[in-house]
Amino acid sequence: PAEFLHSVILAKTLEDFQPEMVAGHSLGEFSALVANGALSFEDGLKLVSQRALAMQKACEITPSTMAAVLNLDDKIVEDICASIDGVVVAANYNCPGQLVISGEYKAVELACEKMKEAGAKRALILPVGGAFHSPMMEPLAAAIEATTFATPICPVYQNVTASAVSDPNEIKKNLIIQLTAPVKWTQSVQQMIADGATLFTEVGPGKVLTGLIGKINKEAATANA
């Protein structure tokens, strides 16, 4: 909730805030949906809070984690995950050469060993409490289904599709499965650029996303609120 509040406040206080498209990485997608008018601030805050509780509950049921894999082709990472017994999947496509995997602790550990053998520069377990964006996370289907979504002022490039979405029903459907599906951030940024984006303004804590965008496309202009 604190990160959600930070991002929404920054977006709402930007001068001449008239985005032509928006996107958010994981939790940030909720902020993006408030920023473009698809979701009310009150409903966004409620969903983010419920999402956090659901994620915590899932973490307590089965020991799970995530790991960052550097300098290994996405397809190789996906194939190694598929070869492991137990739950481990590609979770975050952050930028070329940086992919995060997610799943049961032992399965992630074994996958990391195989990633290194396959030539990964690093395969590092992350200090997180669970396997986010994997089948181990329970979707917030009921809460999202009960929420009203409006037609946004501009398209949102959702994590699940990595494409422009403006239909409220489609936005809702994609958000329901977002918690268990991978974050296609690399693909989203590439598609936004293909659709005409020339300047990305990051509204949130830190400069992580502008850094990733620079790795995805060195010619893309970026700014931070």
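I want to confirm something. Restricting to the stretch 4-22 and keeping residues that are of a type in the set (D, E, K, R) and at pLDDT below 95, which single residue is most open to solvent (accessible area, probe 1.4 Å)?
For the stretch 4-22, the residue satisfying everything is E15.
Test A111 against the criterion of being crowded, with 16+ Cβ neighbours inside 10 Å and either over 18 Å from A181 (Cβ atoms) or in contact (Cβ under 8 Å) with a residue 12 or more places away in the chain (or both), and give yes or no.
When the stated conditions are applied, A111 passes them.
L10 passes all but one of (1) assigned to a loop (DSSP other than H, G, I, E, B); (2) under 18 Å from A225 (Cα atoms); which number fails?
That leaves (1) as the condition not met.
Could you look through the stretch 156-171, keep only residues that are free of Cβ contacts under 8 Å to residues at least 60 places away in the same chain and not in a loop (DSSP other than H, G, I, E, B), and pick out the one that is farthest from the chain's Cα centre (by Cα)?
N169
Can you run down the residue pairs with Cβ atoms below 8 Å, 6 or more apart or on separate chains, where the first is in the stretch 115-133 and among the aromatic types (F, W, Y) and the partner is in a strand (DSSP E or B)?
F132/M66; F132/A91; F132/S102
Please go through the stretch 34-64 and give me each residue that is in contact with a strand residue (DSSP E or B) (Cβ under 6 Å, 6 or more places away or on another chain) and either at pLDDT below 95 or open to solvent by less than 10 Å² (accessible area, probe 1.4 Å) (or both), ordered by number.
N36, S64
Filter the stretch 160-183 for residues that are out of contact with any strand residue (DSSP E or B) (no Cβ under 8 Å at 6 or more places or on another chain) and hydroxyl-bearing (S, T, Y) and give the result.
T161, T180
Any residue in the stretch 5-18 that is free of Cβ contacts under 8 Å to residues at least 40 places away in the same chain sitting within a Cβ distance under 6 Å of a residue that is of a type outside the set (S, T, Y) and surrounded by 14 or more Cβ atoms within 10 Å (Cβ to Cβ)? List the pairs, counting only those 6 or more apart or interchain.
Going by the 6 Å Cβ cut-off, the qualifying pairs are V8/V34.
Of everything in the stretch 172-225, what is under 11 Å from N159 (Cα atoms), open to solvent by 60 Å² or more (accessible area, probe 1.4 Å) and in a loop (DSSP other than H, G, I, E, B)? Give them in sequence order.
Selection gives K184 alone.
Please state which of the following conditions K121 fails to meet, knowing it meets all the rest: (1) of a type outside the set (F, W, Y); (2) open to solvent by 70 Å² or more (accessible area, probe 1.4 Å); (3) under 19 Å from the mean Cα position of the chain (by Cα).
Evaluating K121 over (1) of a type outside the set (F, W, Y); (2) open to solvent by 70 Å² or more (accessible area, probe 1.4 Å); (3) under 19 Å from the mean Cα position of the chain (by Cα) leaves (3) as the failure.
Given the criteria modelled with pLDDT of 95 or more, surrounded by fewer than 16 Cβ atoms within 10 Å (Cβ to Cβ) and either of a type outside the set (S, T, Y) or part of a loop (DSSP other than H, G, I, E, B) (or both), does I153 qualify?
Criteria met by I153.
Does the stretch 127-136 include one or more residues that are among the hydroxyl-bearing types (S, T, Y) and open to solvent by 40 Å² or more (accessible area, probe 1.4 Å)?
No - not one qualifying residue is present in the stretch 127-136.
The values are calculated or read from the model by the stated rules, or taken from the named source; none is laboratory data. This structure is a prediction, so every number in the text was calculated from the model and none was measured. Here Cβ is always computed from backbone atoms with ideal geometry, including for glycine, and neighbour counts include all displayed protein chains. Calculation scope for accessible area: heavy atoms of the full protein, side chains included, ligands and nucleic acids excluded. Shrake-Rupley method; radii C 1.70, N 1.55, O 1.52, S 1.80 Å.
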